[in-house]
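**Q** Quick one: this structure, given as C-alpha cells, is what I'll be asking you about.
What follows draws every value from the coordinates through simple rules; no lab data is involved. All values derive from a computational prediction rather than experimental measurement. Counting neighbours? That spans all protein chains shown, and the Cβs are built from the backbone with ideal geometry, glycine included.
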Amino acid sequence: MSAEVALIYRVLPDSADVDLAKLKQEIAKKLEPKYKVDRIEEEPIGFGITALKVYVRHPESDEYTSDEVEELLRSVQGVGNIELEYFSRLSF
C-alpha cells in the first residue's frame, strides 16, 4: 500500500505586474521532478491581482515535507505570499 500527500497552496505574486504564465513555469520548474505539480490555476482576487492555486503531490516519506515545498515556492522570483490551503493524505 502506497500513500501520497496532496497539498494546495495559494500563491500571491509580489506585484500585479508579474507575468503569471512565466511565474507558473518557474514554479513548476522549481518543484519538479521531486514534487509532482498536478496543475496550477489562476484565481482572480481583485484590484488587478490574481493568485495562483498550486496543486502538489508527493510520496508520504520523511524525504518530502511541506516546509521544503514552501521554501522552494518562496525562492521563485515574483512570488510574494504563500498560504497552505489544503493538506491531505491519499492512500490507494
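**Q** Residue by residue through region 72-77, what is 3J(HN,Hα) from phi via Karplus (6.51 cos²θ - 1.76 cosθ + 1.60, θ = phi - 60°)? Round to whole Hz and write x for glycine and proline.
**A** Along region 72-77, the couplings run 5, 4, 5, 7, 7, 5 Hz.
**Q** Label THR50 and SER75 with points 7 Å out from Cα along Cα→Cβ: what is the distance between them in nm?
**A** The two pseudo-label positions are separated by 2.7 nm.
**Q** Residues with amide H under 5 Å of VAL79's amide H, sequence separation 5 or more or different chain, H placed in the peptide plane at 1.01 Å from N; which?
**A** So VAL79 has HN proximity to ASP14.
**Q** Exactly which GluC sites (Glu not before Pro) in the chain are in a DSSP loop and have at most 10 other Cβ atoms within 10 Å?
**A** The qualifying sites are GLU63.
**Q** Starting at the first residue of region 54-70, write each ³J(HN,Hα) from the Karplus equation 6.51 cos²θ - 1.76 cosθ + 1.60 with θ = phi - 60°, in whole Hz, x for Gly and Pro.
**A** Listing the rounded values in order: 10, 9, 10, 10, 7, x, 6, 6, 5, 6, 10, 9, 5, 4, 5, 4, 5 Hz.
**Q** Same structure again: Report the semi-axes of the equivalent ellipsoid for region 3-91 in whole Å, largest first, where each axis is √(5λ) for an eigenvalue λ of the Cα gyration tensor.
**A** The three semi-axes for region 3-91 are 23, 13, 10 Å.
**Q** Now a separate question. If I stretch the segment between GLU60 and LEU20 completely, what's the gain in nm (0.36 nm per residue apart, minus their alpha carbon distance), one decimal?
**A** 11.4 nm
**Q** If you keep only loop residues by DSSP, which chymotrypsin sites (Phe, Trp or Tyr not before Pro) in region 13-67 have at most 11 other Cβ atoms within 10 Å of their Cβ?
**A** PHE47
**Q** Around GLY80, under 10 Å between beta carbons, what's the net of Lys plus Arg minus Asp minus Glu among the other residues?
**A** 0
**Q** For VAL54, what is the net charge nearby, where nearby means another residue's Cβ is under 13 Å from its Cβ and Lys, Arg count +1, Asp, Glu -1?
**A** 0
**Q** Also: What value, in deg cm²/dmol to 500, does the helix sum -39500 (n - 2.57) over DSSP H runs of n ≥ 4 give at 222 nm once divided by the residues of the chain?
**A** Result for the chain, helices only: -7000 deg cm²/dmol.
**Q** Follow-up. Pick out, in residue order, every one of the trypsin sites (Lys or Arg not before Pro) in region 18-92 that is DSSP loop and has at most 13 other C-beta atoms within 10 Å; say none if there are none.
**A** Hits after loop and neighbour filter: LYS34.
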